[in-house]
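Have a look at the structure below, then the notes.
The values are calculated or read from the model by the stated rules, or taken from the named source; none is laboratory data. Predicted model, so just to flag it, every value in this text is computed and none were measured. Note: ideal-geometry Cβ built from the backbone for every residue, glycine included; neighbour counts use all protein chains shown.
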There are 2 protein chains.
Amino acid sequence: MLRELVFAPVAEKLAEVERRIQVKISSRADLISEVTNYVLGGGGKRVRPALLLLSARMCGYDGGERDVDLAVVAEFMHAATLIHDDIIDNAQKRRGRPSAPARWGPHVSVLAGDFLYSHSIQRLVRDGDFQVLKAFADATVAMTEGEILELRWHRNPDVLHQDYLTIITCKTAALFSAACRSGALIAGVDEPRVEALTEFGLNLGIGFQLVDDALDFAASEEMLGKPVGNDLVEGKVTYPLIYVLHQDHSPERDHIRHLLSNGQLQETDVERIRRYVTEGGGVLASVEEARKYLRKARQQLVPFPDTVARRSLEMLVDFIVERKW
Amino acid sequence: MLRELVFAPVAEKLAEVERRIQVKISSRADLISEVTNYVLGGGGKRVRPALLLLSARMCGYDGGERDVDLAVVAEFMHAATLIHDDIIDNAQKRRGRPSAPARWGPHVSVLAGDFLYSHSIQRLVRDGDFQVLKAFADATVAMTEGEILELRWHRNPDVLHQDYLTIITCKTAALFSAACRSGALIAGVDEPRVEALTEFGLNLGIGFQLVDDALDFAASEEMLGKPVGNDLVEGKVTYPLIYVLHQDHSPERDHIRHLLSNGQLQETDVERIRRYVTEGGGVLASVEEARKYLRKARQQLVPFPDTVARRSLEMLVDFIVERKW
């Protein structure tokens with residue numbers, strides 16, 4: 001499997017992350033552990049932990065277990081936002097199974113997210129590094145602001161490329177970036193390298209999300225683990241659609257705009273928009289845009305010595321576009 | 001007004017806290033600012049900010065604005081938990097008005113709480129004091145665990161005094177304690193005084209919540225800003241009821257236990273339980289229990305010099321029982 005090849009240099013560390021993630025986090029919290037284990041165990045790709053571990057390794061970290069500790073935090077924070085996002089978006093499915101709010105209701109899910117998030121902060125305090133703490137704290141503020149912006153542009157066909165890029169930078173790239181930055185910080189490399197990895201994570205995250213949004217139009221439900229066109233159903237106007245809405249001036253465009261602005265989309269509406277986007281070149285444009293960011297990400301790796309970890313990160317960049325994982 | 005008399009020594013600082021709380025927190029977040037301003041502006045008593053300011057003052061803090069900065073954080077964190085608690089409890093009213101989730105729905109409310117919480121952590125990172133950060137981070141973990149325990153004992157008449165005390169220690173007292181501890185920490189007093197104020201806040205918080213829970217049975221809706229018997233409606237079995245359920249062995253007890261365990265309570269059920277609790281001495285027992293903790297709180301103040309700030313904190317302890325604010 002592709003993922004295992006790319007992550008091979010940190011496979012043992014990732015296995016340790018996995019073990020720690022599966023442990024019941026709090027003895028006081030049976031029900032919450034059930035929810036968090038469900039979400040954390042549901043086939044997550046552990047991209048953020050892997051990024052942190054590979055970044056640290058590439059920067060020469062070999063100082064113990066801080067990398068594993070922080071990799072667990074990165075995944076906890078990711079899971080916390082997944083749970084709350086699924087409440088906010090009213091998402092019924094996640095990774096091919098019912099979402100946590102669909103299964104346990106919003107009440108328990110709010111709490112499960114809060115639990116993971118407050119635990120993450122407590123672990124960062126225990127780790128005791130202000131720069132790392134700041135990286136993650138800034139990322140969480142950004143993630144919340146990304147959600148807010150997304151909500152503001154909900155079902156709005158007037159959203160611009162720039163708004164969309166701000167949203168995904170906040171929602172996805174900020175945590176990718178914090179993970180990579182933290183890896184560099186704990187390895188103790190100089191400022192330019194810390195900044196290079198911060199930029200690397202940011203660009204990788206933007207590229208990753210652009211591909212994700214393209215897949216939502218072009219993939220199959222089996223591959224996505226959630227219905228195709230799911231973003232549309234949740235009222236999210238993403239890059240592929242924004243692109244076509246700005247290129248096209250046919251009467252179909254007005255019809256699509258009208259569909260978006262007016263109430264819940266029916267299955268036939270989703271299919272119509274999907275065809276509009278794929279035939280109008282939206283999917284290809286999104287992948288093309290992703291490639292720009294992925295190239296920028298790859299450039300950030302140039303100053304680092306040619307190690308196994310660096311080659312692994314390069315491969316990760318290259319495989320983002322072709323990913324089926 | 002009582003509150004103004006007690007808080008007089010830090011009135012100017014509190015006014016500054018108030019100004020900062022009302023400012024729009026983020027330019028990216030119109031809707032969220034609307035929610036957070038609504039919650040923060042809804043007649044909060046600012047007990048936590050006042051505790052932090054008075055603790056700092058009593059410990060001799062006069063080093064600038066860190067006390068105000070942290071007082072704002074304490075209120076933000078409190079507001080964040082109020083918003084999420086109202087989702088978890090399905091609460092329709094808060095301080096005489098519709099709750100945030102009742103007005104904006106759970107989706108926006110999840111986000112508003114996350115926003116306040118992540119902002120709080122970011123401000124603590126900016127403040128740059130690991131001990132203060134740890135105090136608040138531990139409090140937020142405790143608050144989440146308190147919510148979890150409360151959920152576990154939802155509508156369960158078998159809950160013990162000890163479980164209940166753990167719940168309110170986590171849910172209410174932990175943040176009171178963190179506020180007082182932070183005041184001591186920024187003033188730079190020695191370890192025993194930091195611990196004394198930590199204990200002070202903890203005992204005060206427990207006493208405060210015991211009185212609150214007694215008021216839920218004994219007060220009027222006008223005074224509470226939410227319906228009387230609201231805890232019952234939300235499925236919370238609190239001290240006054242636990243007390244009577246453990247004292248009483250009449251057939252009425254079995255009936256009440258049955259009512260609690262079986263589905264939604266009707267208005268007549270709530271009234272029946274209310275009468276059962278007040279006539280069975282539950283309200284008085286709760287206030288008596290509160291007094292024990294408040295006495296312990298007052299003792300923690302003994303080592304401190306007799307200043308206006310100390311007298312203010314003592315008065316606060318004394319007025320908790322008689323509070324109408």
Looking at the stretch A:162-203, which of its residues are acidic (Asp, Glu) and either over 25 Å from A:VAL287 (Cβ atoms) or in contact with a strand residue (DSSP E or B) (Cβ under 6 Å, 6 or more places away or on another chain) (or both)?
A:ASP190, A:GLU191, A:GLU195
Which is among the hydroxyl-bearing types (Ser, Thr, Tyr), touching an Asp or Glu at 6+ places or on another chain (Cβ under 6 Å) and within 25 Å of B:HIS84 (Cα to Cα), of A:SER109, A:SER99?
A:SER99
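Criterion first (more than 14 Å from every other protein chain (Cβ to nearest Cβ) and either crowded, with 24+ Cβ neighbours inside 10 Å or assigned to a loop (DSSP other than H, G, I, E, B) (or both)) does B:LEU111 satisfy it? Break it down stepwise before answering.
Values: more than 14 Å from every other protein chain (Cβ to nearest Cβ): no; either crowded, with 24+ Cβ neighbours inside 10 Å or assigned to a loop (DSSP other than H, G, I, E, B) (or both): yes.
Taking the combined requirement at face value, the residue does not satisfy it.
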Within the stretch A:254-322, considering only helices (runs of 4 or more DSSP H) that don't extend past its boundaries, which have at least 1 residues that are touching a residue at least 60 places away in the same chain (Cβ under 8 Å), more than 23 Å from A:LEU2 (Cα to Cα) and in contact with a Leu (Cβ under 8 Å, 6 or more places away or on another chain)?
A:267-279, A:282-300
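Take residues that are within 14 Å of chain A (Cβ to nearest Cβ) and either basic (Lys, Arg) or under 27 Å from A:HIS107 (Cβ atoms) (or both) and tell me which of the helices (runs of 4 or more DSSP H) falling wholly in the stretch B:131-224 contain 3 or more. Before the answer, list the steps.
Details: elements: B:161-168, B:174-187, B:191-218, B:221-224.
Here the list reads B:161-168, B:174-187.
Assess whether B:PRO106 counts as being at the interface with another protein chain (Cβ under 7 Å from one of its Cβ atoms) and free of Cβ contacts under 8 Å to residues at least 60 places away in the same chain. Lay out the reasoning, then the answer.
Working: at the interface with another protein chain (Cβ under 7 Å from one of its Cβ atoms): yes; free of Cβ contacts under 8 Å to residues at least 60 places away in the same chain: yes.
Here the answer is yes, as B:PRO106 does meet what is asked.
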For B:THR140, only one of the following conditions fails: (1) over 20 Å from the mean Cα position of the chain (by Cα); (2) surrounded by 20 or more Cβ atoms within 10 Å (Cβ to Cβ). What is its number?
(1)
If we keep only residues of the stretch A:120-129 that are at the interface with chain B (Cβ under 8 Å from one of its Cβ atoms) and surrounded by fewer than 24 Cβ atoms within 10 Å (Cβ to Cβ), then the residue nearest to A:TYR38 (Cα to Cα) is A:GLN122
Hey, can you tell me all the residues within the stretch A:49-64 that are at pLDDT below 95 and not small (Gly, Ala, Ser)?
A:ASP62
Which numbered condition A:ALA91 fails, given (1) in a helix (DSSP H, G or I); (2) within 14 Å of another protein chain (Cβ to nearest Cβ):
(1)
Please count how many residues of the stretch A:1-48 are among the small types (Gly, Ala, Ser), outside any helix (DSSP H, G or I) and either at pLDDT 90 or above or more than 21 Å from the chain's Cα centre (by Cα) (or both).
3
Hits in the stretch B:22-79 (condition: more than 14 Å from every other protein chain (Cβ to nearest Cβ) and over 20 Å from B:VAL132 (Cα atoms))
B:GLN22, B:VAL23, B:ASN37, B:TYR38, B:VAL39, B:LEU40, B:GLY41, B:GLY42, B:GLY43, B:GLY44, B:LYS45
Keeping to the stretch B:60-81, report how many residues are more than 13 Å from B:ARG46 (Cα to Cα) and free of Cβ contacts under 8 Å to residues at least 60 places away in the same chain.
5
